[in-house]
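Everything on this sheet refers to the single structure shown next.
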Amino acid sequence: MQLVVARIGRAHGIKGEVTVEVRTDEPELRLGPGAVLVTEPAHVGPLTIETGRVHSGRLLLRFEGVRDRTAAEALRNTLLISEVDPEELPEDPDEFYDHQLMDLDVVLTDGTEIGRITEISHLPSQDLFIVERPDGSEVMIPFVEEIVTEIDLEEQRIVITPPPGLIDESEAVVASARDAEEDDAEGDAAPGGQKGDA
């Protein structure tokens, strides 16, 4: 099975290094020196990683045969793809590969169907599940413990407890209006309390 593990960004310096947007939880395994990666577009690769280092919080890679900035810049936006055994699992039982989560059903704790995961977006701050609703619309679910409470690969489903407004925008309006009313009530109560104490 092939998994996208990174996307090549800008050239860095003049000796052929490139920045990469990491799309794997195991960069040290997938993007280490000596790793041979298939590419998209295919004609660019395969690419063999010669060196890797972290600079200002970003991973920099140099590939065999890429020796200058021009060659590095030509690789920009290329996807790096690793061959992975579909039976292979991450070392940490609380981690999952993207292919394990794709197409899983997303439901609420009461069993209400929300949709199906069609894409996983890896952002710097957190990962997002892109979920297709039965009506064809999409909703983004942050992959955080507070919201994703259960991942059951055998049942092929993910259970979520979304905050108000995440799934149904109308709930967010109601919740924010209620909060505002509560804030107003508390604001009114405070001066009254102070007068009573005086």
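The values are calculated or read from the model by the stated rules, or taken from the named source; none is laboratory data. Since the model is a prediction, treat every value here as computed from it, not as a measurement. For accessibility, only protein heavy atoms count, side chains too; no ligands or nucleic acids. Shrake-Rupley method; radii C 1.70, N 1.55, O 1.52, S 1.80 Å.
So which residues in region 53-71 are open to solvent by 50 Å² or more (accessible area, probe 1.4 Å) and assigned to a strand (DSSP E or B)? Matches in region 53-71: 53, 54, 55, 58.
Take the residues in region 141-157 that are of a type in the set (A, V, I, L, M) and closer than 14 Å to residue 117 by Cα, then tell me which one is most open to solvent (accessible area, probe 1.4 Å). That would be 153. Considering region 73-126, the qualifying strands (runs of 3 or more DSSP E), each wholly inside and each with 3 or more residues that are open to solvent by 40 Å² or more (accessible area, probe 1.4 Å), at pLDDT 70 or above and not aromatic (Phe, Trp, Tyr), run over 113-122.
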